[in-house]
There are 2 protein chains.
Amino acid sequence: MNLQAKPLRLSTDSPDFEAQFKARLHWSADTDAAIEQRVAEILADVQSRGDEAVMAYTARFDRLDAKNMQALELGADELRAAFESLPPAQRSALENAAQRVRSYHEAQKKACGESWSYRDADGSLLGQKVTPLDRVGIYVPGGKAAYPSSVLMNAIPAHVAGVSEIIMVVPTPGGERNPLVLAAAHVAGVSRAFTIGGAQAIGALAYGTATVPAVDKITGPGNAYVAAAKRRVFGTVGIDMIAGPSEILVLADGTTPPDWVAMDLFSQAEHDELAQSILLCPEPAYIDRVQAEIDRLLPTMPRAEIIAASLNGRGALIHTRTMQEACEISNRIAPEHLEVSSNEPHRWEPLLRHAGAIFLGSYTSESLGDYCAGPNHVLPTSGTARFSSPLGVYDFQKRSSLIEVSAAGAQVLGPVAVILAEGEGLQAHAEAARLRLG
Amino acid sequence: MNLQAKPLRLSTDSPDFEAQFKARLHWSADTDAAIEQRVAEILADVQSRGDEAVMAYTARFDRLDAKNMQALELGADELRAAFESLPPAQRSALENAAQRVRSYHEAQKKACGESWSYRDADGSLLGQKVTPLDRVGIYVPGGKAAYPSSVLMNAIPAHVAGVSEIIMVVPTPGGERNPLVLAAAHVAGVSRAFTIGGAQAIGALAYGTATVPAVDKITGPGNAYVAAAKRRVFGTVGIDMIAGPSEILVLADGTTPPDWVAMDLFSQAEHDELAQSILLCPEPAYIDRVQAEIDRLLPTMPRAEIIAASLNGRGALIHTRTMQEACEISNRIAPEHLEVSSNEPHRWEPLLRHAGAIFLGSYTSESLGDYCAGPNHVLPTSGTARFSSPLGVYDFQKRSSLIEVSAAGAQVLGPVAVILAEGEGLQAHAEAARLRLG
């Protein structure tokens, strides 16, 4: 086997740069009408038949013939046993990562997740009260892409927010359980866990069944069926973002060892063939050195085939005129992961407006952030960092406005409300304000 | 005409309370397949033909035959002229309301919308940078339900967040422009405004045309076509909530003049026949007095027919055993507007977990909050306050995680990341962390 990984070479000073760049970025989350239809049927069935429907689909899709729903629930003791069965190094890595993720999200809660209020000159109180969601559901994929780190990243912010019940669902096709996933649920403080997946699990969480309690919000990644089901129950419950393929963009000024950069591109590419790894750099010679490292390192990688497919199909090494131009292009892409692989990262950071997470300096590999630096690894993909944010404590909280108008305040506000309400033709609104005038 | 408004009388100690209560609350946002199909076609057409499609649909649906797109744009001078054409009392009411809304949202930005970071023991920096969206679109309904206050409530938080371009779309069926809406756009600092509406306006904002710039997020209420279009472009752009009918819930301990409460119920009911007004109160005699005021005041209301239809079809006066029980029921409903009409509102407020906005004390009529107290009147409806929040500055910002791992930090984090990455079978992730070990 002579695998090659040759990301597309582009240069911003080439006349066809714009067209090639757009073609390479293009990714479309086209919905599949057949999947949509199937998911609508499954959801309707779960809504009407509850547990019975969930068990039937689990038998059919996951080959798990449960006598009753209780057989599809994992007890706290089973989660603990999974944790205790791990080698000590894995146990302590999980605990260590959980602790750092928890500290970060506690800081986040302090910084932006506390209630606030003030009184104005008339003595009226204005503010917002911040409260946790009552109950949330966390979808954890089973099978090949089973990521215990995702359990931590979804459950810990919910826990820090103060959510009192965290319900995890994780399919176990053919009964195969991933002990690391179960152990992560134990460490993260999941309240209940069910071995169900797919659209039927989303339906159970959204509508509730006799056994699975209805939740207020569902987070976590899944396949096309899960994504379609989440879209469809949105409104009945809250959902997080629907994720596209994962992406990394590396801004390099040429000061980082090129094998580090090559490996960082690999670490995105190894996720799946649609993952996207892009390097932006003003030094052509450095880009050559990164390509040379790609060539040298690829054969050493167990997932070399996926890496090669991803880099050949969607990767790019882009020569820019300057680092400033690289920053501008990065803003157009609004990448999920953005590494500023430079010895002066704080020079460039202020120029970067849109990104899920910004990794500053050459020591900050994306993988350190993915697992244990503390910030969340659930990040907006496909350019949605233009308008959305990493998963955080704020996703498990909601706000209620607080308004207490004093008797004096009502005299000041009343006449304004009366004029505006009458301008809108809403006379009861006007009258309600008028009645409070002394 | 002998109009009557008799909200359903319920009592929590009646054996059929639960069934009757659920039936009254029931509201289903069923999607209409014909609308969905039509909207999909319009969006696809706008995406491919741009301005031409927008002009064609505007001619067809709004009877506005524009020679070119420029004819569908309102200049800053036109917005200003609309403002200057208003009677002085309306001008100053708009400015006054805008000023209060701005102050509140500035306080909100300080409280929960600023960047934050810290360094851990290893000298690694962790935090989040908060940045405004670049460009947002605001949908403002035209025709009957044209609310200038909604222009303020959508545009001002965007402005306070630091959004540099705010694009308003407002249909003007038959060419009829609402001067208060245009004036509000002037006061709120809208950047550009187009007289287009419906799914075609949502498409123009989401995809961009030669004339209408593509935005990053679209907020604001609209009819079923607008709602369907917003759902469909979600992902390409951000959207706010899809709103259901408006609701008020009044918790009364019997200390507020009953005509005030009756008028507050009216002020929700007058919005439309599907609006829901509910009173919860432990004093049967007080409920009788509120009903008597409803009977007395109804004939005085210009929108009496809508009020009667809403109260008869969806209203309820519920006798509860205690105020505590009333608070529990309120939490089950998670109302959009929640009035605590009591002389000890701070006794009950801590018991209230889910609500869009909480109006404390008898002077705080919902209408004061709707127009000018300062907090936003765009609030989660249909029980979605269980998991979502009032529109705010945070809806026009997004967060990027900041991570700078020091050389020392990489030595501490690296081994943890290696173990977890290997546990997930992601060897490039592990290797990227290993390369940073000294």
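Brief remarks on what is shown
- Straight Cα distances below 17 angstrom link B:K67 to the aspartates and glutamates B:D51, B:E52, with same-chain residues fewer than 8 positions distant left out.
- Label-point separation, A:A224 to B:I35 (7 Å along Cα→Cβ), nm: 2.8
- Pairwise label distance in nanometres, B:S28 with A:E344, each label 7 Å out on the Cα-Cβ vector: 6.4
- Nearest-to-axis residue of chain B, judged by beta-carbon position, where the axis maps B onto A, in Å: B:C112, 2
- By the rule of a C-alpha distance below 30 Å, with chain neighbours fewer than 8 residues away ignored, the lysines paired with A:K6 are A:K22, A:K144.
- Gyration tensor verdict on region B:216-349 (Cα atoms; rounded if a/c is under 1.5, prolate if a/b is larger than b/c, oblate otherwise): oblate
- Magnitude of the charge dipole for region B:33-239, about its Cα centre and with charges confined to Cβ atoms of Lys, Arg (+1) and Asp, Glu (-1), is about 360 debye.
- Subset of A:K109/A:K129; A:K129/A:K230; A:K110/A:K217 violating a 18 Å alpha-carbon distance limit: A:K129/A:K230; A:K110/A:K217
- For chain A, size of Cβ-based charge dipole, Lys and Arg +1, Asp and Glu -1, in debye: 600
- Interface burial for B against A (accessible surface, 1.4 Å probe, total of both chains, Å², rounded to 100): 10100
- Hydrodynamic estimate: the Kirkwood radius of region A:314-415 over Cα pairs, inserted into Stokes-Einstein at 37 °C and 0.692 mPa s, corresponds to D of 199 µm²/s.
- Between B:E84 and B:Q20, the C-beta separation translates, for a Förster distance of 56 Å, into a calculated FRET efficiency of about 0.55.
- Efficiency of FRET between B:S48 and A:Q99 - r from beta-carbon atoms, R0 56 angstrom, step 0.05: 0.60
- For the residues of B:58-69, the average number of beta carbons from a partner chain within 10 Å of their own beta carbon is 0.
- For the set B:S92, A:S164, B:S388, the ranking by accessible area, highest first and with no ligand, DNA or RNA atoms included, is A:S164, B:S92, B:S388 under a 1.4 Å probe.
- Taking every alpha-carbon pair under 8 Å whose residues sit at least 6 apart, region B:33-239 reaches a relative contact order of 30 percent.
- Considering only B:M168, B:I35, B:I196, the residue lying farthest towards the positive end of the dipole of region B:33-239 is B:I35, judged by Cα position with unit charges set on Cβ.
- Rounded to the nearest 20 debye, the dipole size of region A:235-385 about its Cα centre is 240 debye, using +1 on the Cβ of Lys and Arg and -1 on the Cβ of Asp and Glu.
- Inverse mean reciprocal Cα-Cα distance (Kirkwood Rh) of region A:1-41, Å: 13.9
- When B:Y394, A:Y286 are compared by accessible area of protein heavy atoms, the largest-first order is B:Y394, A:Y286, using a 1.4 Å probe.
- Over the protein assembly as shown: Kirkwood hydrodynamic radius from C-alpha pairwise inverse distances, Å: 28.6
- Taking all protein chains as they are arranged and a probe of 1.4 Å, the heavy atoms of A:V163 leave approximately 10 Å² accessible to solvent.
- Cα gyration tensor, region B:33-239 - rounded (a/c under 1.5), prolate or oblate: oblate
- Shape category assigned to chain B from the gyration tensor of Cα positions, a/c cut at 1.5: oblate
- Other protein chain Cβ atoms within 10 Å, averaged over every residue that makes up A:387-398: 5
The values are calculated or read from the model by the stated rules, or taken from the named source; none is laboratory data. Since the structure is predicted, the reported quantities are computational estimates derived from the model, not experimental observations. All Cβ positions, glycine included, derive from the backbone under ideal geometry; neighbour counts span all protein chains shown. Each accessible area value is taken on the protein alone, full model and side chains, heavy atoms only, with ligands, DNA and RNA left out. Shrake-Rupley method; radii C 1.70, N 1.55, O 1.52, S 1.80 Å.
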